[in-house]
Structures are given as C-alpha cells and as structure tokens.
1. Sort out which residues of the stretch 294-316 are aliphatic (A, V, I, L, M), assigned to a helix (DSSP H, G or I) and open to solvent by less than 10 Å² (accessible area, probe 1.4 Å), and write them in order of number.
2. Going by what's in this entry, would Leu370 be described as assigned to a helix (DSSP H, G or I), modelled with pLDDT of 90 or more, surrounded by 16 or more Cβ atoms within 10 Å (Cβ to Cβ) and touching a His at 6+ places or on another chain (Cβ under 6 Å)?
3. Checking the structure you have, find out if any residue of the stretch 265-273 is open to solvent by 10 Å² or more (accessible area, probe 1.4 Å), part of a helix (DSSP H, G or I) and among the β-branched types (Val, Ile, Thr).
4. Inside the stretch 119-179, counting only helices (runs of 4 or more DSSP H) that do not spill past its ends, which hold 2 or more residues that are of a type in the set (Gly, Ala, Ser), under 15 Å from Leu8 (Cα atoms) and open to solvent by less than 10 Å² (accessible area, probe 1.4 Å)?
5. Return the residue satisfying two criteria in turn: it lies in the stretch 339-362 and is in a helix (DSSP H, G or I) and open to solvent by 30 Å² or more (accessible area, probe 1.4 Å), and of such residues it is farthest from Ala208 (Cα to Cα).
6. Would you check if there is a residue in the stretch 263-277 being charged (D, E, K, R) and within 21 Å of the chain's Cα centre (by Cα)?
7. Can you tell me which of (1) under 23 Å from the mean Cα position of the chain (by Cα); (2) at pLDDT below 85; (3) open to solvent by 30 Å² or more (accessible area, probe 1.4 Å) is the one Ala63 doesn't meet?
8. Within the stretch 54-67, restricting attention to residues that are out of contact with any helix residue (DSSP H, G or I) (no Cβ under 7 Å at 6 or more places or on another chain) and in a helix (DSSP H, G or I), which residue is nearest to Ala172 (Cα to Cα)?
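The values are calculated or read from the model by the stated rules, or taken from the named source; none is laboratory data. Treat the numbers as computed from the prediction; the structure is a model and nothing was measured. FYI the Cβ positions are ideal-geometry reconstructions off the backbone, even for glycines, and counts take in every protein chain you see. To get the accessible areas, we keep the full protein, side chains included, count just its heavy atoms, and leave off ligands, DNA and RNA. Shrake-Rupley method; radii C 1.70, N 1.55, O 1.52, S 1.80 Å.
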Amino acid sequence: MPLALFALAVVAFGIGTTEFVTMGLLPQIADGVAVSVPDAGNVVSAYALGVVVGAPLLTAMGARVPHKRLLLMLTGLFVVGNVASALAPNYGLLFAARILAGLPHGALFGVGAVVASKLVAPDRAARAVSMMFLGLTVANIVGVPAGTALGQQLGWRWAYAAVAVIGVLALAALVRLVPHQPRGEQAGVLHELRAMKNKQVLLGIVTAVVGFGGYFAMYSYLVPMLTHLTGISDSSTTLVLALFGVGMTLGTLVAGPLTDRALRPTLYGGFALLAAALVTLHFVIGHLVPALIVITVTGGLSALITTPVQMLLMTKAHEAPTMAAASNHSAFNLANAGGAWLGGLVIAAGWGWSSPTLVGAALALVGLALAATGGYLDRGSRASKVVLASPAPDTHRAPGKTPTGVCPQDPSA
C-alpha cells in the first residue's frame with residue numbers, strides 16, 4: 001500500500017477526533033460559553049449540519065479542481081474551522097465555527113476515497129479506501145479519549161487546538177506523499193450530478209441513511225445503557241468506548257479485502273450480522289463480560305458495512321465518483337440524527353434503556369432489504385465486482401513496465 005494512504009489516514013484521524021471529542025466535553029463547553037449542557041449539545045448538531053451541507057456543496061465547487069489541490073484546500077478549511085472553534089468567545093460564534101469545521105468533512109472523505117482507489121490496482125481499491133477509514137476508527141481509540149482528557153485538564157479549547165495541529169500535520173503529509181491526479185476532460189459539476197441520477201447511487205444513499213441509522217440508534221445511547229444496565233461507572237465508560245473503537249478498527253481491516261473479493265455479499269453479511277449482534281446486545285447488556293464482547297463485535301460489524309457502501313456508490317457512479325463518495329458522509333450524518341431520534345423515542349415511550357438496540361436491529365434489517373433490492377436490480381451484471389475508473393499511473397515503476405493487474409491495451413479492463 002502506498003505511503004500516500006498514510007497521509008489520507010491522518011486526515012481521517014483528525015476528522016474523527018473533532019467530530020466525537022465534543023460529546024465528551026459538553027459540561028466544560030457549557031461552562032465556558034455560559035449555556036446549559038443541552039444547549040451546548042447543539043454544537044454537535046452544528047457540526048453534523050456542516051457535513052450534510054458541505055459534502056455536496058464543496059464537492060460541486062471543486063469539481064474541476066485537481067484532486068491533490070482540492071484535498072489541500074479542504075484540509076486548510078478544516079484547520080481554520082477548528083482554530084475558530086478554539087478561539088470562539090461566545091456560544092453563537094462557537095456554533096458557527098462548528099458548522100465551518102464540518103463543511104469539509106464529507107468532501108474530504110469523498111475526494112480522499114477516490115484518490116485512495118486510484119493509487120492502487122483495481123483489485124485492491126477497497127483495501128486502499130479502508131486504509132483511509134482506518135484513521136477514523138483509530139481516532140475513536142486514541143484521538144477522542146486523548147482529546148477529551150486534554151480538554152478536561154486544560155480546558156475544552158485546547159482539544160480543538162490540538163485537532164488544528166493534527167490538520168497542519170495532515171497538510172504537510174498530503175503535500176509530501178500524495179501524487180498529482182489530473183481530472184478527466186469531462187470533469188465538472190454537471191458530470192458529477194449526472195452520475196448522481198443513477199438509480200443504484202440513489203438507492204445506495206438511502207441504504208446508507210437507513211442502515212447506518214441502526215448503528216447510531218444504539219451507539220447514541222450506549223453510555224446510559226452501560227451505566228444503568230451493565231453497572232459500569234461513568235469513569236469507565238471511556239474504556240468501553242475505546243473497546244468499541246478496537247472492534248471498529250478490526251472490522252475496517254477485514255472489510256477492505258472482503259469488499260475487493262465480493263462487494264454485495266460483504267454488504268449483505270454486514271447488515272445481517274449487525275442486526276443479529278444488536279438483538280443479542282439487548283439480552284446480554286445486563287451482564288458485564290458478555291456485554292463487552294458483543295459491544296466489541298458490534299463495533300466491528302458497524303465498520304464492516306462502511307467500506308462496501310462507499311465502494312458501491314463509487315462503482316455505480318463510475319467515471320464521476322467524487323460526489324457519490326462525498327454524499328455517503330452526508331448520509332452517515334443524517335443516519336446519526338435519525339437513529340438517535342428513533343432511539344430516544346422508544347426510551348421516552350418507556351420501553352427501557354436497552355430498547356434502542358432493537359430499533360437499531362430493525363433499521364439494519366431494512367438496510368439489508370434495500371441493499372438486496374439493489375442487488376436484484378443489478379442481477380445479470382457484475383454487481384459484486386469493484387470496477388472504478390482506471391488508476392493513476394504508478395510513477396514509481398520502471399519505464400516500460402505495466403502495473404500488476406492492468407491490461408496494457410485497456411487500463412480499465
């Protein structure tokens with residue numbers, strides 16, 4: 001795997017840290033800007049709003065910009081947003097700064113996924129994309145706990161300042177390691193939007209919203225489930241969340257090779273197993289050891305569906321995959337909001353703290369049904385094969401040699 005993937009993983013690490021560190025610092029933020037904790041929680045929604053709006057908007061605006069330059073511009077905006085968050089003097093400006101920090105999130109992942117897929121031979125594209133996503137999962141193990149601890153000890157502003165430093169390091173890595181990838185002659189916003197009209201792309205986005213909603217219905221209420229039902233202290237929940245992150249990391253490592261081998265079966269299996277794990281968690285959440293095992297497995301299964309969904313959208317968009325890849329992260333944040341809302345409804349209805357797991361299982365099964373519908377519509381075609389536009393030339397190979405897995409007469413074969 002090329003070293004350029006490390007630079008993309010650093011970007012993903014910074015994004016994952018800034019997205020989730022806020023949740024662990026809400027009391028400190030509330031005190032710092034003189035609002036209630038629920039009002040401080042709205043800055044989480046502000047970031048999600050930035051992601052949903054920014055993914056299609058910034059991708060469209062950068063449709064003709066070469067990929068490397070666009071990555072640098074988006075990462076620069078990410079740094080500015082986090083610096084603004086660290087310096088915001090009041091609640092209103094902090095809210096605006098979190099929107100600004102969220103704007104490049106989806107576009108960075110979308111462009112980064114396309115860049116990653118073109119750095120390797122076509123039969124290793126999903127593995128390359130999963131390596132970028134690995135930075136996001138590692139953020140849940142290292143970045144978020146470290147940022148939370150830093151914010152609690154020195155003040156919440158230092159957490160955002162640390163993320164800005166990570167962004168600067170990512171910029172340096174992108175400049176040094178990512179090769180230039182020119183846009184095609186047809187590149188442009190209309191070209192990208194035409195690809196989005198593909199019914200498989202639209203169905204894939206809906207599948208992501210519903211299916212990922214199953215994960216978020218559970219994850220949004222995991223901490224109160226642990227404290228109320230499992231009997232874990234507040235101070236120990238961070239360790240359990242890190243364990244969940246370990247599961248996500250392992251799932252990401254497995255997802256890449258499986259998706260390269262068989263995209264749709266990996267997606268089907270991921271949704272089915274996620275539903276089964278969530279139902280199991282409902283029944284074992286009151287028992288410490290079984291609960292910790294199932295939580296770790298659930299983390300792995302939630303990551304197992306991320307790579308195949310991303311690759312499905314990129315494959316179906318084919319020659320204009322950037323908008324589709326970025327839209328996946330808008331879908332991810334809509335799933336975050338929708339899953340948390342549905343999970344909260346069943347708790348408020350008196351079904352108990354473990355009830356969001358059953359809501360999550362139901363959403364995962366609906367996601368499976370939607371994915372299977374896409375597979376049925378795709379029958380007769382090579383639906384399980386990852387086929388993207390031809391990768392960028394390997395500038396490190398010897399002159400006159402053909403890259404492994406690429407036909408010399410037809411690079412896309």
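1. Start the filter on the stretch 294-316 by keeping residues that are aliphatic (A, V, I, L, M), which leaves 294-295, 297, 301, 303-305, 309, 311-314.
Restricting the remaining residues to those that are assigned to a helix (DSSP H, G or I) gives 294-295, 297, 301, 303-304, 309, 311-314.
Ile295, Ala303, Val309, Met311, Leu313, Met314 - these are the residues of the stretch 294-316 that are aliphatic (A, V, I, L, M), assigned to a helix (DSSP H, G or I) and open to solvent by less than 10 Å² (accessible area, probe 1.4 Å).
2. Working: assigned to a helix (DSSP H, G or I): yes; modelled with pLDDT of 90 or more: yes; surrounded by 16 or more Cβ atoms within 10 Å (Cβ to Cβ): yes; touching a His at 6+ places or on another chain (Cβ under 6 Å): no.
Considered against the rule, which asks whether it is assigned to a helix (DSSP H, G or I), modelled with pLDDT of 90 or more, surrounded by 16 or more Cβ atoms within 10 Å (Cβ to Cβ) and touching a His at 6+ places or on another chain (Cβ under 6 Å), Leu370 comes out as no.
3. Looking for residues that are open to solvent by 10 Å² or more (accessible area, probe 1.4 Å), part of a helix (DSSP H, G or I) and among the β-branched types (Val, Ile, Thr), one finds at least one in the stretch 265-273, hence yes.
4. On the way: elements: 125-138, 144-154, 156-177.
Those helices (runs of 4 or more DSSP H) span 125-138, 156-177.
5. Residues of the stretch 339-362 that are in a helix (DSSP H, G or I), as a first pass: 339-348, 355-362.
After this cut, where a residue has to be open to solvent by 30 Å² or more (accessible area, probe 1.4 Å) as well, the list is 341-342, 345, 347-348, 358, 362.
Details: Trp341: 16, Leu342: 16, Leu345: 21, Ile347: 24, Ala348: 26, Leu358: 18, Ala362: 14 Å.
Filtering the stretch 339-362 for residues that are in a helix (DSSP H, G or I) and open to solvent by 30 Å² or more (accessible area, probe 1.4 Å), the one farthest from Ala208 (Cα to Cα) comes out as Ala348.
6. In the first step, residues of the stretch 263-277 are kept if they are charged (D, E, K, R); the result is 264.
If we keep only those that are within 21 Å of the chain's Cα centre (by Cα) too, we end up with 264.
Yes, because at least one residue in the stretch 263-277 is charged (D, E, K, R) and within 21 Å of the chain's Cα centre (by Cα).
7. All conditions are met except number (3).
8. Met61
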